[in-house]
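Everything on this sheet refers to the single structure shown next.
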Amino acid sequence: MKKHLLYITAVLLGSMVSCVDDDSYKVEVPVADITLASPEEAENFDLNNMEIDEYTFSWNETIDGGTTLLLSANEFLLSPITFDTGNNKSHSIAVEVLDQIASATGAVGGNAGTVYWGVKPTKDLGIAAREIRSVNVRRLISRLLVPEDQKQIALDSDRPELPVSFTWDPEGEDPSTEYTITFSGKTDMSGEVINFPVGAVKVAGLTQSQLQEVFLKYSNHPFKGIRVYWNIQKKGSANYLSRTSSALDIDPMMIFRDVRGDEDITYKVAKISFRDGRVQYWLAENLRTTKYPDGTNIEDANIMFAPSPTFTDEQIKTYGGYYRPNPTMFTKLPSTGWRMPTIAECRDLYAEAQAQEGTYNVLRDPQFYNYESTQTDPKVNKWKLGLVTAGQQQGEDKAITNTGYSYIMATGIGEDNHRAAMLDHFAIWEVWAVGTNVRLIYNE
């Protein structure tokens, strides 16, 4: 065995030598022919120096087609912030912009992070930089104290009036100065802003509902978290208290407000994360609307609710409406942005649950799932989907039957207009139903 290893090693070494001797094997990497001038390697930038509003980067050559300055938190200039500098040999960057670039290093306010910079031809940014230098950037010390920079806040739809505290340092200001907490989608507070006047204080609380309002203003997806920026503005002035804004990462309330004419219902929403990386957003309550999205009433033949006094008011609300599963309702019933699940998606949901610790209990509502006692199982409703055993509408007399099972209206079950997906606790079945509950999926 050793002889074979020695032989293989010798062959590999011989191959490597021959490759070196043979010019045809040489690999030439294109490099930008631009040398850097200033700042020097590892120079220190203290962004808190109030005498400096911007820092200048310069280089020794220009290129036909212009040059681009690249700054990155990565020593190889990966994922850079770029500045098209045209035919200039220098470019100045404002302190606030440098502070934002330095935030990508993970350094918080007042601490230093290493930023790397280089210059390349604008027409060929894919080639290597001849020279890459670093600068040590001490980030701005913010007068915005709480929430701290890059703080993540998950909004709670169950406690919409719960306050989040905002604190700032008003040292040197007139004690009678009134302030406004201002939010923007941009770090320089440009564009449209949202203002919350709070008076002559240095601590104020904004409710979960108010922060949800901020989220909805700047988000392009109702259920995915975003980063916004906040600062304190002095009343009667366009100036901000802090030279730099503070980042706030908001995870929104998982709710959907469904407005249909004069009907206004808010539903909980569940985020379902699959093992293969897919994500779906499902209504976490049974649909209970009496109207189509255009505000017109749903016909009596296409809707019913569990009758009273057979069922309690709480059951009637939780069970929601029983809607006729047919192609017309598939298209007319969902609100804009939402759709009916397919039978395949229902099977995927149940299969994913079965693979979890606790299996189907992760889907079940602890109070209105009647197959077995689940209240003591910590895995119950782990996904916050809250499936209930509301049964189905059976027969033209609109009786509610089979309330030991959970039914969901689903498409893709065939030609029969009265079909639904039924969970019998251990499997998913395609069944016949005159009316069944609806759980919509957000249409990505």
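Only the coordinates and a few stated rules stand behind these numbers; no lab work does. What you see is a predicted model, and the numbers here were worked out from it, not measured in a lab. Glycine also receives a Cβ, built like all others from the backbone with ideal geometry; neighbour counts cover every protein chain displayed.
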- Item | For the range 51-207, diffusion coefficient by Stokes-Einstein and Kirkwood Rh (Cα), 10 °C, 1.306 mPa s, µm²/s | 86
- Given a Förster distance of 56 Å, the FRET efficiency implied by the Cβ-Cβ spacing of Asp424 and Glu75, rounded to the nearest 0.05, works out to 0.45
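For the range 244-379, just run the numbers: alpha carbon Rg, then divide by 2.2 N^0.38 Å, N being how many residues it has. Write down the numbers at each step before the final one.
Details: Rg = 17.6 Å, N = 136, 2.2 N^0.38 = 14.2 Å.
Cα Rg divided by the expected 2.2 N^0.38 Å: 1.24.
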- Inter-centroid distance (Cα atoms) of the range 291-337 relative to the range 178-213, Å: 40
- Message: With the crude spin-label approximation of a point 7 Å out along Cα→Cβ, what separation in nm comes out for Asn195 versus Gln367?
- Response: 4.3
- Jot down the radius of gyration and Dmax of the range 324-444, Cα atoms only, both in angstrom. 14.2, 42
- Item | FRET E, pair Ala37, Ala128, Förster distance 22 Å, beta-carbon r, rounded to 0.05 | 0.70
- Item | Which label in [x] 66; [y] 57; [z] 75 gives the computed percent of Cα pairs over 28 Å apart | [x]
- Could you give the semi-axes, largest first, of the ellipsoid that matches the range 144-253, computed as the square roots of 5 times the alpha carbon gyration tensor eigenvalues and rounded to whole Å? 23, 15, 12
- Item | Within straight-line cross-link reach of Lys186, aspartates and glutamates at Cα separation under 16 Å, skipping those fewer than 8 residues along the same chain | Glu96, Asp99, Asp149, Asp249
- Per residue Cα convex hull volume for the range 31-138, in cubic angstrom? 84
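Convex hull over the Cα atoms of the range 289-363, averaged projected area in nm²?
Computed as one quarter of the Cα hull surface, the answer is 6.9 nm².
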- Note on the structure: In Å, the Kirkwood estimate of hydrodynamic radius for the range 105-184 over Cα pairs equals 17.3
- Pick from Ser134, Ser103, Ser176: which residue has the top mean-square fluctuation in a GNM of the chain where Cα pairs under 10 Å get a spring? Ser176
- Estimated [θ] at 222 nm from DSSP helical runs (n ≥ 4, -39500 (n - 2.57)) normalised by residues in the chain, nearest 500: -4500 deg cm²/dmol
- Task: Determine which lysines satisfy two conditions relative to Lys89: a Cα distance under 28 Å, and not lying fewer than 8 residues away in the same chain.
- Result: Lys120, Lys123
- Note on the structure: Going through Lys271/Lys382; Lys268/Lys384; Lys291/Lys332; Lys217/Lys317 one by one, the pairs whose alpha carbons sit over 19 Å apart turn out to be Lys217/Lys317
- Item | Farthest toward positive dipole pole in the chain [+1 Lys/Arg, -1 Asp/Glu at C-beta], among Thr207, Tyr407, Ala73 | Tyr407
- Which residues in the range 269-292 have a backbone N closer than 15 Å to a point placed 7 Å from the Cα of Leu216 along the Cα-to-Cβ line? 269
